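Below is one structure, written out as structure tokens; the observations come after it.
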Amino acid sequence: MLALIQNCSMPLARAVRPPSRTQVQPYLTSKVCASLSPRTDSQSQALLGLSEKELQQLALNFGQEAYRGKQLHHFLYQRKIREIKGFTQLPQGFRNTLEDAGWKVGRSPIFETVTAADGTVKLLLKLEDNRLIETVGIPVMGDTGLSRLTACVSSQVGCPLRCSFCATGKGGFSRNLQRHEIVEQVLAIEEVFKHRVSNVVFMGMGEPMLNLKAVLEAHRCLNKDVQIGQRMITISTVGVPNTIKKLASQKLQSTLAVSLHAPNQKLRETIVPSAKSYPLDALMLDCREYFQQTSRRVSFEYALL
């Protein structure tokens, strides 16, 4: 676990600065349906992260048959095509209409790649707003080759918590990531390794519990669309009040990992400043309740300082 934390915590971004007519049953809320409607402005929207049903609704909203949504789903999650113009089995008119309405796949270019001696690969992705985020691919070799590939993904650009052991917090906080910006990190690792990701850990840049909505949306997509088992996904947190209870209410089968780093409250506060608002006793109580609600064990992480 310590090796995993070390692999995920060394920031590449500090060294490289970014430049300044088939009908379907109704199943979406009006808010979601509105977000899938054709647009007249220039704001871009990402297809990546949408479910098959949402993509079917999107096709219907553009006057296409529902099966076009299934095709979109196949292009995004099976063939993993980066641009709408690559969806060559769709009518040219539909592709043009999607692009004219501001839709995109939602994949970012790889800005920098660093490979360690043990085969671990760190990617720096350049987002649409020119901000940079890190994701790490951690391979495990077996007798017959690559047996497991873990993607360590970021949930925020930077981090506001400023834990003493974490280099990301020293760089400050910019914004939360959107769901497609989380999902695309896994696809980027698969692209580099030319191998399917088997495990995902939310242990990269940022505090996942401070971006819980997008993290849960990305979790759903990784599980249902990218088809990574829930038990192969770990969500790591340093501890944010009230959020572990919210996560427990989702009844996920994924693993909760708590960055503890200290056996008592006084020492923990010097390592994790946010611990002042979340005493160790309260954190442990929430972890016990999480186990009781989900029947999933809680992991505790330490960085040896």
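Things to note:
- Count, lysine Cα pairs under 16 Å in the stretch 45-104, 8 or more residues apart or across chains: 4
- Label-to-label distance, nm, for residues given as residue 70 and residue 117 (7 Å Cα→Cβ offset): 5.2
- Between the listed residues 253, 105, 146, the Cα displaced farthest toward the positive end of the dipole of the chain, a dipole computed from Cβ unit charges relative to the Cα centre, is found at 253.
- Contact order normalised by residue count of the stretch 45-104, Cα under 8 Å, 6+ apart, percent: 33
- Check: the stretch 41-91 dipole with +1 on Lys, Arg Cβ and -1 on Asp, Glu Cβ, in debye: 240
- Among the protein heavy atoms of the stretch 45-104, carbon and sulfur supply 42% of the accessible surface, probe 1.4 Å, non-protein parts ignored.
- Listed residue pairs exceeding 28 Å between alpha carbons, taken from 122/224; 194/251; 170/224; 246/276: 194/251; 170/224
- With all protein chains in place and a 1.4 Å probe, the accessible surface of the stretch 110-301 carries 51 percent carbon and sulfur.
- Where (1) 1.04; (2) 1.20; (3) 1.58 are the candidate values, the label of the one calculated here for Cα Rg over 2.2 N^0.38 Å is (1).
- DSSP-defined antiparallel bridges as percent of all bridges, the chain, nearest 5: 55
- Per-selection Kirkwood Rh - the stretch 99-187 (Cα, Å, 1 d.p.): 14.7
- Pairwise centroid distance, computed over Cα atoms, of the stretch 269-292 with the stretch 192-235, Å: 23
- Extended-chain gain in nm, criterion 0.36 nm per residue less alpha-carbon gap, residue 300 and residue 249: 16.3 nm
- Think of the chain as a dipole: +1 on every Lys or Arg Cβ, -1 on every Asp or Glu Cβ, centred on the Cα centre; then among 176, 66, 274, 66 lies furthest on the positive end.
- Full extension of the chain segment joining residue 191 with residue 281 gains 28.1 nm, where the gain is 0.36 nm per residue of separation less the Cα-Cα distance.
- For the stretch 45-104, the equivalent ellipsoid derived from the Cα gyration tensor has semi-axes of 14, 13, 11 Å, listed largest first.
- Helical mean residue ellipticity (222 nm; -39500 (n - 2.57) per DSSP H run of 4+; nearest 500) of the chain: -10000 deg cm²/dmol
- Here is the result for the stretch 47-77: no chymotrypsin sites (Phe, Trp or Tyr not before Pro) lie in DSSP coil with at most 14 other C-beta atoms within 10 angstrom of their C-beta.
- Å² of accessible area per residue within the stretch 240-305, as computed with a 1.4 Å probe and no ligands counted: 54
- Gain on full stretching of the segment that runs from residue 141 to residue 288 - 0.36 nm per residue minus C-alpha separation: 49.4 nm
- Per-residue HN-Hα couplings for the stretch 236-244 [Karplus 6.51, -1.76, 1.60; θ = phi - 60°; Hz; x = Gly/Pro]: 9, 9, 7, x, 10, x, 6, 7, 5
- Dipole magnitude of the stretch 110-301, debye to nearest 20 (Cβ charges: Lys/Arg +1, Asp/Glu -1, about Cα centre): 520
The values are calculated or read from the model by the stated rules, or taken from the named source; none is laboratory data. A quick note: this is a predicted structure, and the numbers were derived from the prediction, not measured. Don't worry about glycine lacking a Cβ; one is built from the backbone with ideal geometry, like all the others, and counts go over all protein chains shown. Heavy atoms of the whole protein, side chains included, go into the accessibility calculation; ligands, DNA and RNA do not. Shrake-Rupley method; radii C 1.70, N 1.55, O 1.52, S 1.80 Å.
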